[in-house]
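Structure, as structure tokens:
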Amino acid sequence: ITLTEPSQLSGKTYDYVIVGAGNAGLVIANRLTENPATTVLVLEAGISDQNQIPVMAPFLGPSVTPDTPYDWNYTVVAQPGLDNRTYPYPRGRLLGGSSSANYMIHQYGTNEDWNRVAAVSSDQGWSWNNMKQYIKRHEKIVPPSDGHNTTDQLIPSLHSFTGELQISLPIGNQTTDPFVIATTSQLKEFPYNEDTSGINNNLLGIGWAQSSMDDGLRASSSSSYLASANSRPNLTVMINAMVIKLLSTGSTNGLKAFRNVQFADARTKTVTPAFQVQARKEVILSAGSVGTPQILQLSGIGAPADLAPLHIPVLINSPQVGRNMQDHPLLPNIFTVSGNGSLDDTLRNASAVGAAISQWASSKTGFIANNVINQLGFARLNSTLLKGFTDPAAGPTSPHYEMIFANFWLDPVVTVPATGNFFTILTALLTPTSRGSVKIHSTNPFVAPLIDPNMLATDFDIHTITESVKAIKRFAAAPAWSNYITGAFGTLNGTTDAQLAAHARLHTSTVFHPTSTASMTATSKSPSSGVVNSDLTVKGAAGLRIVDLSVLPFIPSCHPQGPAYMLAERAADLIKASA
Ligand SMILES: Cc1cc2nc3c(=O)[nH]c(=O)nc-3n(C[C@H](O)[C@H](O)[C@H](O)COP(=O)(O)OP(=O)(O)OC[C@H]3O[C@@H](n4cnc5c(N)ncnc54)[C@H](O)[C@@H]3O)c2cc1C
């Protein structure tokens with residue numbers, strides 16, 4: 001059942017209290033309550049996702065954030081690598097968390113990404129060979145909503161059709177679809193990839209995007225994992241419940257225990273009155289890469305230098321809390337095109353969009369039933385371009401950058417001009433060497449922490465994003481585009497490295513993929529090395545585990561919701577095994 005008021009809580013003690021009904025949190029909630037004897041309470045600061053049209057309609061994904069009731073509405077601090085600009089930093093604040101607010105692209109990373117997690121944590125349980133089983137348990141491939149033949153667009157024999165989250169290929173409805181695919185046979189540099197999920201041990205090349213959607217509707221951790229567990233009497237989910245901090249509750253085996261959770265009614269935006277619940281076994285923090293370090297710091301688990309100015313007593317000296325943040329920089333590269341085959345004219349026309357939404361509402365058809373992206377691709381710098389750098393990729397077959405193709409002006413930060421037709425190739429840096437931070441600057445949980453992804457702060461990062469721009473210019477010069485693309489837009493017209501680097505610094509923002517702010521190291525290592533052990537328990541604490549993307553030691557070289565689901569599936573096994 002889902003509760004809205006603290007007064008509706010019948011009990012104050014549960015076996016597990018999960019903080020955050022997000023992408024990872026709801027996987028844990030589902031798996032732990034498979035045992036009817038296990039009681040679970042999930043506390044979520046945000047609202048319900050039920051009947052929210054922007055959340056449900058795939059093409060409206062980009063309207064779910066920023067500056068909406070579904071978003072935490074964060075802004076990053078000024079970014080020196082981006083000419084000191086700031087930009088919005090969306091995070092889902094509703095049931096399903098960011099899985100209800102994201103753009104639904106679904107992948108699992110490379111085998112090398114997971115093998116690196118295993119190496120860093122000294123735990124082969126995180127290796128690709130072991131993690132693959134969780135893909136089977138997790139995914140449920142369904143037909144695309146137009147029912148087209150998907151031969152060669154995904155490798156069915158590698159996938160599962162029986163898991164929890166529905167994944168499908170897009171409707172092939174864009175003017176540019178044949179041009180993108182034709183380029184993969186015209187230019188050797190950009191081969192075709194028959195399965196872009198990573199499940200075939202190959203992310204390199206360009207192919208059809210797989211998305212978490214089914215029959216014209218978004219699939220999130222709420223519409224899947226929560227929906228299938230919601231009728232269990234041993235699962236309680238409470239929305240509007242803003243967790244203030246964790247309270248220390250004595251010690252277990254010489255470690256400080258943190259089994260009490262204090263929360264407030266999020267709608268009041270004040271910490272009084274404060275409510276308390278207790279976990280008999282564990283508190284599981286799944287508040288995401290911003291929320292989790294914020295709650296740890298507010299609870300006195302962090303770097304003394306961060307806590308001292310706020311007079312927060314240091315209960316666990318854990319200097320890596322909020323450090324090591326990684327994110328994928330995203331750069332929209334926009335081309336002008338001939339004719340009106342792009343979606344720009346439709347999207348500028350409010351009545352056309354209204355009609356399309358009505359069509360979607362009545363039949364789940366039309367372009368609103370599809371994701372905004374039909375194809376994407378992944379590539380590496382060659383050895384010449386890597387000269388002078390230590391390769392930060394997880395291994396020799398993992399990509400350095402991504403290309404995302406959109407049949408309209410798609411810039412999350414700059415709005416479309418009043419006239420013109422456009423094709424966007426966004427590039428994303430997948431292996432950033434810059435590391436940023438999340439740091440509280442108030443003891444009030446309603447005050448957003450300082451979020452500093454530290455974008456494009458290193459030579460490697462600016463070099464690689466500049467090379468990604470040169471690559472997509474080569475892509476756009478393929479014969480397939482000769483009657484369509486008419487030129488580059490704005491600063492994409494630059495030709496020298498310096499001009500393209502300036503273009504990148506001017507337009508880069510985020511693919512919304514923060515990770516690693518409570519990162520995992522081997523269990524034998526002290527809190528000076530990382531925040532959680534390889535079983536995701538917090539170093540130096542008892543009764544406290546973290547299950548969300550903040551624990552990954554490195555950002556995966558893909559869109560990370562798939563890794564979040566895999567991580568949470570394994571975490572559920574670890575929690576059950578230690579109960
Ligand atoms: C706009 C956008 C587009 C994206 N596009 C894609 C994409 O196409 N493909 C992809 O793979 N990934 C995408 N991502 C990233 C992906 O969705 C996230 O990385 C992933 O869902 C994070 O999962 P998580 O469990 O770590 O955190 P979240 O899913 O963010 O869950 C955290 C939860 O904790 C709650 N919470 C936080 N603090 C508190 C508190 N104090 N008290 C109570 N509750 C709290 C939050 O409200 C939220 O529900 C996108 C993200 C965004 C925001």
Handout entry: Criterion violated by THR86 - all others in (1) touching a helix residue (DSSP H, G or I) at 6+ places or on another chain (Cβ under 6 Å); (2) free of Cβ contacts under 8 Å to residues at least 40 places away in the same chain satisfied
Key = (1)
Completion exercise
Those residues of the range 227-251 that are touching a residue at least 40 places away in the same chain (Cβ under 8 Å) and closer than 30 Å to THR272 by Cβ come to a total of 16
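Can you tell me how many residues within the range 311-323 are buried (at least 21 other Cβ atoms within 10 Å of the Cβ) and not β-branched (Val, Ile, Thr)?
Step one: list which residues in the range 311-323 are buried (at least 21 other Cβ atoms within 10 Å of the Cβ), which gives 316, 318, 320-323.
Among the residues that remain, those that are also not β-branched (Val, Ile, Thr) are: 318, 320, 322-323.
Here the count works out to 4.
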Handout entry: Hits in the range 1-22 - residues which are within 14 Å of the ligand (Cβ to nearest atom) and in a helix (DSSP H, G or I)
Key = PRO6
Problem - Output for the range 24-43, where each listed residue is within 13 Å of the ligand (Cβ to nearest atom) and open to solvent by 10 Å² or more (accessible area, probe 1.4 Å) - result: none
Problem - Options ASN201, ASN193; residue that is polar (S, T, N, Q), at positive phi and touching a helix residue (DSSP H, G or I) at 6+ places or on another chain (Cβ under 9 Å) - result: ASN201
Problem - Among residues of the range 135-166, those that are assigned to a helix (DSSP H, G or I) and open to solvent by less than 10 Å² (accessible area, probe 1.4 Å), counted - result: 2
Handout entry: In the range 507-525, the residues that are within 12 Å of LEU330 (Cβ to Cβ), open to solvent by less than 10 Å² (accessible area, probe 1.4 Å) and more than 10 Å from the ligand (Cβ to nearest atom)
Key = THR508, SER509
Handout entry: Residue list for the range 52-110, restricted to those being on the phi < 0 side of the Ramachandran plot, in a loop (DSSP other than H, G, I, E, B), more than 7 Å from the ligand (Cβ to nearest atom) and open to solvent by 10 Å² or more (accessible area, probe 1.4 Å)
Key = GLN52, PRO66, THR68, PRO69, TYR70, VAL77, ALA78, THR86
Handout entry: In the range 285-336, the residues that are more than 11 Å from the ligand (Cβ to nearest atom), assigned to a strand (DSSP E or B) and hydrophobic (A, V, I, L, M, F, W, C)
Key = ILE301, ILE316, MET325, LEU331, ILE334, PHE335
Practice task
For the range 23-33, state whether one or more residues are at negative phi, in a loop (DSSP other than H, G, I, E, B) and not β-branched (Val, Ile, Thr).
Solution key: no
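Of the residues SER211, SER197, SER228, only one is open to solvent by 10 Å² or more (accessible area, probe 1.4 Å), closer than 30 Å to SER127 by Cβ and among the polar types (S, T, N, Q); which?
Step by step, each of SER211, SER197, SER228 is checked, and only SER228 is open to solvent by 10 Å² or more (accessible area, probe 1.4 Å), closer than 30 Å to SER127 by Cβ and among the polar types (S, T, N, Q).
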Completion exercise
Only one of THR495, THR491 is assigned to a loop (DSSP other than H, G, I, E, B), free of Cβ contacts under 8 Å to residues at least 60 places away in the same chain, open to solvent by 20 Å² or more (accessible area, probe 1.4 Å) and more than 30 Å from LEU315 (Cα to Cα), namely THR495
Completion exercise
Flagged pairs (Cβ under 7 angstrom, 6 or more apart or on separate chains; first in the range 255-281, within 18 Å of GLY11 (Cβ to Cβ) and among the small types (Gly, Ala, Ser); second open to solvent by 20 Å² or more (accessible area, probe 1.4 Å) and not in a strand (DSSP E or B)) are ALA279/ARG259
Handout entry: Members of the range 259-284 that are open to solvent by 60 Å² or more (accessible area, probe 1.4 Å) and assigned to a helix (DSSP H, G or I)
Key = ARG267, THR268
Exercise for the section: For the range 343-351, state whether one or more residues are outside any loop (DSSP other than H, G, I, E, B), closer than 28 Å to PRO54 by Cα and without any contact (Cβ under 8 Å) to a residue 12 or more places away in the chain. Expected result: yes
Practice task
Run THR150 past the list (1) within 16 Å of the ligand (Cβ to nearest atom); (2) among the hydroxyl-bearing types (Ser, Thr, Tyr); (3) farther than 25 Å from HIS513 by Cβ and report the number of the one that doesn't hold.
Solution key: (1)
Handout entry: Test for PRO156: is it touching a Ser or Thr at 6+ places or on another chain (Cβ under 7 Å) and free of Cβ contacts under 8 Å to residues at least 24 places away in the same chain
Key = no
Handout entry: Residue that is part of a loop (DSSP other than H, G, I, E, B) and in contact (Cβ under 8 Å) with a residue 40 or more places away in the chain, where the choices are ILE199, ILE181
Key = ILE199
Completion exercise
Flagged in the range 423-471 as in contact with an Asp or Glu (Cβ under 6 Å, 6 or more places away or on another chain), open to solvent by less than 30 Å² (accessible area, probe 1.4 Å) and not aliphatic (A, V, I, L, M), in numbering order, are PRO432, SER434, GLY436, SER437, PRO453, THR466
Practice task
Evaluate the following for GLY388: is it open to solvent by 60 Å² or more (accessible area, probe 1.4 Å) and on the phi > 0 side of the Ramachandran plot?
Solution key: yes
Practice task
Kindly indicate whether any position in the range 367-387 is closer than 29 Å to VAL290 by Cβ and without any contact (Cβ under 8 Å) to a residue 60 or more places away in the chain.
Solution key: no
Problem - Every residue from the range 526-543 that is within 16 Å of the ligand (Cβ to nearest atom) and without any contact (Cβ under 8 Å) to a residue 40 or more places away in the chain - result: VAL532, LEU536
Exercise for the section: Take the range 306-351 and flag every residue that is more than 28 Å from PHE475 (Cα to Cα) and among the hydroxyl-bearing types (Ser, Thr, Tyr). Expected result: SER318, SER351
Problem - Number of positions in the range 289-310 that are free of Cβ contacts under 8 Å to residues at least 24 places away in the same chain, open to solvent by less than 10 Å² (accessible area, probe 1.4 Å) and either more than 25 Å from ILE555 (Cβ to Cβ) or aromatic (Phe, Trp, Tyr) (or both) - result: 1
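The values are calculated or read from the model by the stated rules, or taken from the named source; none is laboratory data. These figures come from a predicted structure and were not determined experimentally. Backbone-built Cβ (ideal geometry, glycine too); neighbour counts: all protein chains shown. Calculation scope for accessible area: heavy atoms of the full protein, side chains included, ligands and nucleic acids excluded. Shrake-Rupley method; radii C 1.70, N 1.55, O 1.52, S 1.80 Å.
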